[in-house]
Amino acid sequence: MKEKKLLLAFIFLISLTLIIGLVGISQIQRLNRRIENLGKHNIRIAEAVLEMRVNNAIYAMGIRNYVFWKASRYLGAAPMAVNLNRILIAGDNFKKQLKAYQDSAYLAQQREWASSIVASFNELLSLGARIVEITDNNEAGKISE
């Protein structure tokens, strides 16, 4: 009888250990999935921010170079006019990455930041288009008042 009780207690202890182990493994796997999802969001956000920085620099330098070459009388004006499409593509790429950032944002502060960037970049695009328009409408080398 004593041996049966000892055997049952041992089986109970083994079963309890097994159940606790399975619950623990399940919780670890669930936490691992959450961390992995969070990491995917953060990687996507970091990639989007980096791409936005690159495209913003390309756009700003492109507008500056476009104005310089179009306003000067150098032969570089013709290729620079063709590069206007690349400048505009950089602006579109910025918007795509900003959309990817907005889709991946999970904190209220990130969403607020993205909204303010949308407004700022739209203003930058408007100013860039206006600068290109003024440059195209003016004679080469003439400064408008």
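The values are calculated or read from the model by the stated rules, or taken from the named source; none is laboratory data. Bear in mind that the values here come from a model prediction, so they are computed numbers and not experimental data. Glycine also receives a Cβ, built like all others from the backbone with ideal geometry; neighbour counts cover every protein chain displayed. To get the accessible areas, we keep the full protein, side chains included, count just its heavy atoms, and leave off ligands, DNA and RNA. Shrake-Rupley method; radii C 1.70, N 1.55, O 1.52, S 1.80 Å.
Here Ala48, Ala114, Ala100 are screened, and the one residue that is farther than 29 Å from Ile134 by Cα, surrounded by 14 or more Cβ atoms within 10 Å (Cβ to Cβ), at pLDDT below 85 and not hydroxyl-bearing (Ser, Thr, Tyr) is Ala48.
Applying the condition of being within 10 Å of the chain's Cα centre (by Cα) and of a type in the set (D, E, K, R) to region 91-123 and asking which residue is farthest from Glu51 (Cα to Cα) yields Asp103.
When the criteria are applied in full, Ala108 meets the requirement of being loosely packed, with under 14 Cβ neighbours inside 10 Å and modelled with pLDDT of 85 or more. Does Ile20 satisfy the condition of being among the β-branched types (Val, Ile, Thr), loosely packed, with under 12 Cβ neighbours inside 10 Å and more than 26 Å from Val132 (Cα to Cα)? Considered against the rule, which asks whether it is among the β-branched types (Val, Ile, Thr), loosely packed, with under 12 Cβ neighbours inside 10 Å and more than 26 Å from Val132 (Cα to Cα), Ile20 comes out as yes. Evaluate region 65-78: report whether one residue or more is open to solvent by 70 Å² or more (accessible area, probe 1.4 Å) and modelled with pLDDT of 85 or more. Checking region 65-78: not a single residue is open to solvent by 70 Å² or more (accessible area, probe 1.4 Å) and modelled with pLDDT of 85 or more. Could you say whether any residue in region 126-136 is open to solvent by 40 Å² or more (accessible area, probe 1.4 Å) and modelled with pLDDT under 80? Taking every residue of region 126-136 in turn, at least one turns out to be open to solvent by 40 Å² or more (accessible area, probe 1.4 Å) and modelled with pLDDT under 80.
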